[in-house]
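Below is one structure, written out as structure tokens, with a few remarks after it.
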Amino acid sequence: MKGEFEFIESIRSMFPAPEGVEGIGDDCAIIPQQEGWETLVSTDMLVEGSHFLMDDITPYQLGWKAAASNFSDIAAMGGAPVGSFLALALPHDLPVGWEEEFLKGYRDISEEYGFPLLGGDTTSSKDRVCICVTVLGKTPSGRSVRRSGAKDGDLVCVTGFLGDSAAGLAAILHGYERDEDVKYLIDKHYLPHPRVREGQALAAWPGVHSMMDISDGIGSDLHHIMEESQVGARVDLSEIPLSKQLRSFCSRYGLDPYEFAAAGGEDYELLFTIDPEAEPDLELPHTVIGTITDGPELEWDGSEKDYMGFRHF
Ligand code: ADP
Ligand code: MG
């Protein structure tokens, strides 16, 4: 690895700060305050061996994904991009070019979504890569969408398809042949596209009562909305949107697609609840998968199985 200062200089030249904002270079970044807006902040840590394996993921994909999971947290509240901070602990014996590839992945998604990198920290690590990303977003004051707003009778909705990422991971772990379907699923796992625009559109839509991003599978994530909102939910398994690639992959290998869709993680789609009177007018593509009840259970229509979602501990 290059010297620390040289490394920071190369980051600085790859990530120019936008007009009016002070980014990398001083002791702190300077972001002007905007009257009538509130700031959203979230941070996530990724540790080699626990959250990723160096042999599985390329540095480019890792840079992309580390940013993606954070941008998704801003999407989940309905936020617009402000910027990100990147703290890295890197061992000395990384493969040649590893840092550059990592930063390229981080830069490409940052440019695509309009989140400038405004600072961070760089330090050495004895044996493992550790990545800590902090992300900042903004919404008009009082307009962030929380997990706690769901109401009895709301429709439970999701964006996109569920389960692709988890199926991609399964295909990697089991070494399945990489045909077109499997390549699509693996791309969904390594290069996810968080729903930042969609989150903003939903936050501006009257009748959207609660929202979060799907990182651990709806079987687990829906519980967070239920707990924060003090409600229950009924989900119709057969309504969960599945991609044609996931369907054909599962039929080929005799797998249950709903296991991936309900209990798999890292889809980075949005899960939201909406007033049933407002839902028919919602122009944003979405799928209604169930309803909020007065609680407290999560019931699955169409299955005896209890799809729980990914647990970190
Ligand atoms: P300090 O001694 O104040 O911690 P550093 O030498 O760590 O300063 O950092 C110098 C500048 O480079 C700061 O603006 C910091 O935000 C930025 N920086 C350091 N590491 C990174 C990184 N990994 N990504 C982005 N910016 C970084
Ligand atoms: Mg520092």
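Could you count how many Lys pairs in the chain have their Cα atoms under 17 Å apart, skipping same-chain pairs fewer than 8 positions apart?
On the way: 2/104; 2/126; 65/104; 65/183; 65/188; 183/244; 188/244.
Counting lysine pairs in the chain gives 7.
Express as a percent, rounded to the nearest 5, the fraction of DSSP beta bridges in the chain (both residues included) that run antiparallel.
Values: 38 of 51 bridges.
So the antiparallel bridges in the chain amount to around 75 percent.
With each run of n ≥ 4 DSSP H residues scored as -39500 (n - 2.57), what mean residue ellipticity at 222 nm is computed for the chain after dividing by its residue count and rounding to the nearest 500 deg cm²/dmol?
Details: 9 runs with 105 residues, N = 313.
Rounded to the nearest 500, the figure is -10500 deg cm²/dmol.
At 1.4 Å probe size, with no ligands or nucleic acids counted, give the accessible surface of residue 127 in Å², nearest ten.
We get 110 Å² for residue 127.
For residue 79, list long-range residues whose amide hydrogen, built 1.01 Å from N in the peptide plane, is under 5 Å from its own amide hydrogen.
Amide H neighbours of residue 79, under 5 Å, 5+ apart: none.
In whole percent, and with a 1.4 Å probe on the protein chains, what portion of the accessible area of the chain is carbon and sulfur? Could the numbers behind the result be given before it?
Numbers: 7530 of 15120 Å².
Its accessible area is 50 percent carbon and sulfur atoms.
Could you sort the peptides 117-124, 133-140, 74-81 by per-residue average Cβ neighbour count (10 Å cutoff), highest mean leading? Write down the numbers at each step before the final one.
Numbers: 117-124: 17.1, 133-140: 21.2, 74-81: 25.8.
Per-residue Cβ counts within 10 Å, averaged per peptide and sorted highest first, yield 74-81, 133-140, 117-124.
Compute the helix-to-body angle for 164-174: its Cα long axis versus the longest principal axis of the chain, expressed 0 to 90° and rounded to tens.
70
Cβ under 10 Å from residue 75's Cβ, residue 75 left aside: what net charge do those residues give with Lys, Arg +1 and Asp, Glu -1? It would help to have the intermediate numbers written out before the result.
Details: positive: 195, 197; negative: 73, 198, 213, 269.
Value of the local net charge: -2.
Just reorder 146, 128 by solvent-accessible area, largest first, 1.4 Å probe, all chains present. Before the final figure, lay out each step's value.
Numbers: 146 145, 128 115 Å².
In descending accessible area the options line up as 146, 128.
Compute the Cα gyration tensor for the chain, then decide on rounded, prolate or oblate, letting a ≥ b ≥ c be the square roots of its eigenvalues: rounded whenever a/c is under 1.5, prolate when a/b is larger than b/c in the other cases, and oblate in all that remain.
Since a/c reaches 1.5 but b/c is at least a/b, the shape of the chain is classed as oblate.
How much accessible area per residue does the chain have, counting only protein heavy atoms and a probe of 1.4 Å, in square angstrom?
Numbers: 15120 Å² over 313 residues.
Ligands and nucleic acids excluded, the figure is 48 Å² per residue.
Arranged from highest to lowest average of other beta-carbon atoms within 10 Å per residue, in what order do the peptides 230-237, 52-59 appear? If you can, show how the numbers build up before the last one.
Details: 230-237: 18.4, 52-59: 14.5.
The densest-packed peptide leads the list: 230-237, 52-59.
If 183, 65 are ordered by their accessible area, calculated over protein heavy atoms with a 1.4 Å probe, which sequence runs from highest to lowest?
Values: 183 105, 65 25 Å².
Ranking 183, 65 by accessible area, largest first, yields 183, 65.
Round to the nearest 10 and report in Å² the accessible area of residue 92, as given by a 1.4 Å probe over the protein chains' heavy atoms.
Residue 92 exposes around 130 Å² with every protein chain in place.
Could you compute how much accessible surface residue 186 exposes when probed at 1.4 Å, giving the result in Å² to the nearest 10?
Accessible area of residue 186: about 10 Å².
Round to the nearest 10 and give me the degree value, 0 to 90, for the angle of helix 59-77's Cα axis relative to the longest principal axis of the chain.
For 59-77 against the chain, the angle is about 50 degrees.
Quick check: the angle from helix 218-229's long axis to the longest principal axis of the chain, C-alpha only, nearest 10 degrees?
80
The values are calculated or read from the model by the stated rules, or taken from the named source; none is laboratory data. Computed from a predicted model, the values in this text were never measured in an experiment. Methodologically, a virtual Cβ is constructed for each residue, glycine included, from the backbone with ideal geometry; neighbour enumeration extends over all protein chains shown. In case anyone asks, the SASA skips ligands and DNA or RNA and just uses the protein heavy atoms, side chains included. Shrake-Rupley method; radii C 1.70, N 1.55, O 1.52, S 1.80 Å.
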